[in-house]
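**Student:** After the structure tokens below, expect a handful of questions from me.
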Amino acid sequence: MLKVILGKPFLDEAMEELRALCTLIEVDESETFYEVVMRESDCDVIIAPLGHKMSSEMISNCSNLKLICSDGVGYDHIEVSAALKRGIYVVNTPNVLTNAVADFIWTLILCCARRIIEGLEFMQAGKFIGYDKRLLLGKELTGATIGIIGMGRIGEAVAKRAKGFGMNVVYFSRTRKRKLEEKLEIEYVTFEELAKRSDVVVPIMNYSQEVYHLFNKKVFEMMKKDAILVNASRGKVINEEALANHLENTSTFYAGLDVYEFEPEINEKFKVLKNVVCLPHIGSATKETRYKMAKMNIEDILLIEKGERPKNLVSEYR
Ligand code: GLV
């Protein structure tokens, strides 16, 4: 039986399936993921949880290691180059979460555009005394422009939903998608143009050093004063201090955030500002999707057990 380290638990149904097929080492609160990996150096598989570094030191510590699974679609927490060098596979969980994440991004857009959280707080504070035509005025999305950075699967799903809302879609991406431009009637622009023209801005690209602090003071100053920035990709795409200052100084600018530069810490200003909606990294959190994501990791572990190549290899292996 393979020895598998699981950094963070799966849903119960998937836990049962995983336990049945391997010797499972679960990381609990008494130890860190790092400590368990360094101790269980004869493990065959590591399911590396998002937000916990899987460093080259940890990789080279495990001499039997054959497979590292990211438990999400992002895998910027894994040092893929170190795994590649040692012939260790790295897999992730693409496709199955596309719709859940796109729906969630739209939830954040709508929460910001229609000031939903402020409305809830208003009700819970007992402040509602009747219909008021000036109360909590938001932003109309029909006819407005959404700018999407990264036109991968999730970017495309966000764009399709935007079309359903009657929005103009502009995008910026490393690779231009001309066929998609025609099919969805979306327009390719530079990042600067996107920042200047968009009412709603959504970065949803794979994280790499290249996009570290893509959103910074200079970019916030270029953006519309009443823009909405929604981030469910990786926190480091945004200079969080600069965003907090911008939100504080520009009450018409809104941010919807699911990920943070120093996760799980969040900027103190986000705890009090009204023009930010903060959620706890739940972009793909539907029961169906989280189960499918776990199943993808399990399928790849089964392939390793049979001595076969895993299916959901990250792009560096293709
Ligand atoms: C979530 O952030 C993921 O990468 O799946």
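**Student:** In segment 98-278, what is the volume of the convex hull around the alpha carbon atoms, normalised per residue and reported in Å³?
**Tutor:** Residue-normalised Cα hull volume stands at 121 Å³.
**Student:** Then there is this: May I ask which of LYS8/LYS85; LYS3/LYS295; LYS236/LYS292 have a Cα-Cα span longer than 19 Å here? Numbers along the way, then the final one.
**Tutor:** Details: LYS8/LYS85 26 Å; LYS3/LYS295 17 Å; LYS236/LYS292 27 Å.
Table pairs above 19 Å Cα-Cα are LYS8/LYS85; LYS236/LYS292.
**Student:** With a cap of 12 neighbouring Cβ atoms within 10 Å, and only residues DSSP puts in a loop, list the trypsin sites (Lys or Arg not before Pro) found in segment 219-306. Intermediate results must be reported in sequence, preceding the final value.
**Tutor:** Values: sites: LYS224, LYS225, ARG234, LYS236, LYS269, LYS271, LYS274, LYS287, ARG290, LYS292, LYS295, LYS306; in loops: LYS224, LYS225, ARG234, LYS274, LYS306.
For trypsin sites (Lys or Arg not before Pro) across segment 219-306 that sit outside H, G, I, E and B with at most 12 neighbouring Cβ atoms in 10 Å, the list reads LYS225, LYS274, LYS306.
**Student:** What accessible area per residue comes out for the chain, rounded to a whole number of Å², with a 1.4 Å probe? List each step's numbers first, then the result.
**Tutor:** On the way: 16010 Å² over 318 residues.
It amounts to 50 Å² per residue over the chain.
**Student:** Follow-up question, since we're still on this one. Looking at segment 259-293, which GluC sites (Glu not before Pro) are DSSP coil and have at most 15 other C-beta atoms within 10 Å of their C-beta?
**Tutor:** Taking segment 259-293 and a limit of 15 other Cβ atoms within 10 Å, the loop GluC sites (Glu not before Pro) found are GLU265.
**Student:** Here's something else I'd like to know. Looking at the chain, what % of the alpha carbon pairs are farther apart than 36 Å?
**Tutor:** Working: 12797 of 50403 pairs.
When all Cα pairs of the chain are counted, 25 percent exceed 36 Å.
**Student:** Further, regarding this structure: For MET223, what is the net charge nearby, where nearby means another residue's Cβ is under 12 Å from its Cβ and Lys, Arg count +1, Asp, Glu -1? Mind showing how you got there, number by number?
**Tutor:** Values: positive: LYS196, ARG197, LYS217, LYS218, LYS224, LYS225; negative: GLU192, GLU193, ASP199, GLU221, ASP226.
Here the charged neighbours net out to +1.
**Student:** Counting helices only, and only those DSSP H runs with n ≥ 4, report the 222 nm mean residue ellipticity of the chain as the sum of -39,500 (n - 2.57) divided by its residues, in deg cm²/dmol to the nearest 500.
**Tutor:** So the calculated ellipticity at 222 nm is -10500 deg cm²/dmol.
**Student:** Using the Karplus curve 6.51 cos²θ - 1.76 cosθ + 1.60 with θ = phi - 60°, work out ³J(HN,Hα) for each residue of segment 261-278 in order, rounded to whole Hz, and write x for Gly and Pro.
**Tutor:** 4, 10, 3, x, 6, 10, 4, 4, 5, 5, 6, 10, 5, 7, 8, 9, 10, 10
**Student:** Moving on to the next point. Where the centre of each part is set by its Cα atoms, how far does segment 220-240 sit from segment 104-162, in angstrom?
**Tutor:** 15 Å
**Student:** In percent, what relative contact order does the chain have, based on Cα pairs under 8 Å that are 6 or more apart in sequence?
**Tutor:** Values: 573 pairs, mean separation 55.7, N = 318.
Value for the chain: 18 percent.
**Student:** Out of the total accessible area of segment 98-278 (probe 1.4 Å, heavy atoms of protein only), what percent is carbon and sulfur? Working shown, then result.
**Tutor:** Details: 4910 of 9420 Å².
Within segment 98-278, the accessible surface is 52 percent carbon and sulfur.
**Student:** Could you work out the Kirkwood radius for segment 124-209, taking every pair of different alpha carbons, averaging 1/r and inverting it, reported in Å? Let's see the in-between values first.
**Tutor:** Details: mean 1/r = 0.0696 Å⁻¹.
Computed over segment 124-209, the radius equals 14.4 Å.
The values are calculated or read from the model by the stated rules, or taken from the named source; none is laboratory data. Keep in mind that this is a model prediction, so the values were computed, not measured. As a convention, Cβ positions derive from the backbone with ideal geometry for all residues, glycine included, and neighbour counts pool all protein chains shown. Please note that ligands, DNA and RNA were not included when accessible areas were found on the heavy atoms of the full protein model with its side chains. Shrake-Rupley method; radii C 1.70, N 1.55, O 1.52, S 1.80 Å.
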